[in-house]
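The values are calculated or read from the model by the stated rules, or taken from the named source; none is laboratory data. Worth saying up front: this structure is predicted, and the values here are computed from it rather than measured. As a convention, Cβ positions derive from the backbone with ideal geometry for all residues, glycine included, and neighbour counts pool all protein chains shown.
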Amino acid sequence: MKLTVGLLFGGRSVENEISVVTALQTLESMDKEKYDVVPIYIAKSGKWYSGEALLTVANYRDMKKLLDGTPEVYMRPVYGDRNLYKVKTGLLGSPVLATLDVVLPTLHGTNCEDGTLQGVLTSTGVPFVGCNTLASANGMDKITMKMILKECGIPVVDYFWFNDKEWYADKDAVTARLEAKIPYPVIVKPANSGSSVGIKAAHNTAEFVEAVDYAASFTTRIIVERLVTRLKEVNCSVMGNYNDCEASVCEVPLRSGEILSYQDKYMRGGGSKGAKGGARSVGGVKSASAGESEGMRSTLREIPAKLQEGETERIQQLARETFRALACDGLSRIDFIIDEEDRSIYVNEINTIPGSLSSYLWEASGRKFPEVIDALIAQAFARSREESFKVTDFGGNIFAAMPAGGGSKM
């Protein structure tokens, strides 16, 4: 029998559009003989929709028309209820649109990749691909992520953090604290954003103030890191669970400036002409073909990465250690920095639902994307089974032991 897979994408996030591309790329690679795929799009308003029109990328050019013609749906936060319900039904029609066997989230960014959605799915009991609520939250927040990694002895660059209220209350005091700890240049980031959104480099006080004001428009927590001026960025994907995982080959994404920008990631490799297309390689550097849509597949990259002896193995080891330290599941991409001054290697961040699900890294590792999807879905069921054996009822009813008519008020 086919499995009914809820392909969940979009979201209340600045990365909504990138999520659409990841979803369409994933759908293209799913074995239609194994899976009945139900597209579930979360609009920026937070409403959920499902319908065939969501599977055509050109329809997203007119969002109002697309959503006006697509049924609105919802799931009930009731454990054991795996149904996807229609908001509106006919007089005699069933309110159930589909019963989901498993959910495959391809969402990115805040309210999507940060544990918010994972908590909703956990409350229904439906198996889902990827990290649980805790791992998703820790992976998304760059501050807590670096705290955990540093505690585990995994190298991270020097950093400093604060919140927006501290900043607006006394910008001079926060700036002085930063300058006493980390010399310029620095890089300023929203603690919980992805796709390089809200990030700016700062080389002096004036640029720092401007960068923090910009980052604070996206988040309440800001992290500032030492900017490695002679850096090589290297990415590596990890798949499995916190106890048993494997690392992919490494890549070097090519940037146009001091930092890898949103434009470098999504807008340099061939535009947005559809969800199909393959990557071409010229001298070890891959880019998207003219038919490739936006998304991480379209980033210009060197793959496999040309690194010094032993560096690939060291990065793959640190990638697995990071995956385990954060108790991840499914598939993630860990981004690294190599300081070319002394060849020090640092973990920069983890993406628990990476763009394009890092399909290009696994294809370069000899794992076809349909096989990766099969493995991720199988792992979602395995985790669900394991969790079902954990104790959630300690037994007994403490209220039954109370004297009749007695007890304290609630």
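Assorted remarks:
- Candidates LEU97, LEU117, filtered to the one that is touching a strand residue (DSSP E or B) at 6+ places or on another chain (Cβ under 6 Å) and under 23 Å from LEU27 (Cα atoms): LEU97
- Residue check for SER272: assigned to a strand (DSSP E or B), surrounded by fewer than 22 Cβ atoms within 10 Å (Cβ to Cβ), at pLDDT below 95 and not assigned by TED's automatic domain parsing to the domain that holds MET30: no
- Residues that are at pLDDT 95 or above number at least 1 in the following strands (runs of 3 or more DSSP E) confined to the range 284-379: 329-339, 344-351.
- Some residue of the range 2-22 being among the aromatic types (Phe, Trp, Tyr), modelled with pLDDT of 95 or more and over 15 Å from the mean Cα position of the chain (by Cα): no
- Search result, residues across the range 81-92 that are assigned to a loop (DSSP other than H, G, I, E, B) and over 26 Å from the mean Cα position of the chain (by Cα): VAL87, LYS88, THR89, GLY90, LEU91, LEU92
- Cβ pairs under 6 Å, 6+ apart, first in the range 47-71 and under 19 Å from GLN25 (Cβ atoms), second modelled with pLDDT under 95: VAL57/ALA275
- Checking each residue in the range 33-51 for being within 14 Å of LEU67 (Cβ to Cβ) and either assigned to a helix (DSSP H, G or I) or of a type in the set (Phe, Trp, Tyr) (or both) picks out TYR41, TRP48, TYR49.
- The residues of the range 62-80 that are of a type in the set (D, E, K, R) and in a loop (DSSP other than H, G, I, E, B), listed by number, are ASP62, ARG76.
- Of the listed requirements (1) within 16 Å of GLU246 (Cα to Cα); (2) of a type in the set (Gly, Ala, Ser); (3) in contact with a Phe, Trp or Tyr (Cβ under 9 Å, 6 or more places away or on another chain), ALA380 misses just one: (1).
- Test result for ALA135, in contact with a Cys (Cβ under 6 Å, 6 or more places away or on another chain) and of a type in the set (Gly, Ala, Ser): yes
- Among (1) buried (at least 21 other Cβ atoms within 10 Å of the Cβ); (2) in contact with a Cys (Cβ under 8 Å, 6 or more places away or on another chain), the one test that ASN351 misses: (2)
- Unmet requirement for GLU251, which otherwise passes all of (1) under 19 Å from ILE337 (Cβ atoms); (2) in contact with a Pro (Cβ under 9 Å, 6 or more places away or on another chain); (3) outside the structural domain of LEU300 (by TED's automatic domain parsing): (3)
- Scanning the range 50-92 for residues that are in contact with a Ser or Thr (Cβ under 9 Å, 6 or more places away or on another chain), farther than 20 Å from VAL102 by Cβ and among the hydroxyl-bearing types (Ser, Thr, Tyr) yields a single hit, THR70.
- Subset of the range 373-407 that is within 30 Å of SER237 (Cβ to Cβ) and of a type in the set (Asp, Glu) - its residue that is nearest to the chain's Cα centre (by Cα): ASP374
- Residue that is surrounded by the most Cβ atoms within 10 Å (Cβ to Cβ) [pool: residues in the range 74-113 that are among the charged types (D, E, K, R) and at pLDDT below 95]: GLU113
- Residue count for the range 18-32, restricted to those that are in a loop (DSSP other than H, G, I, E, B) and either crowded, with 24+ Cβ neighbours inside 10 Å or not charged (D, E, K, R) (or both): 1
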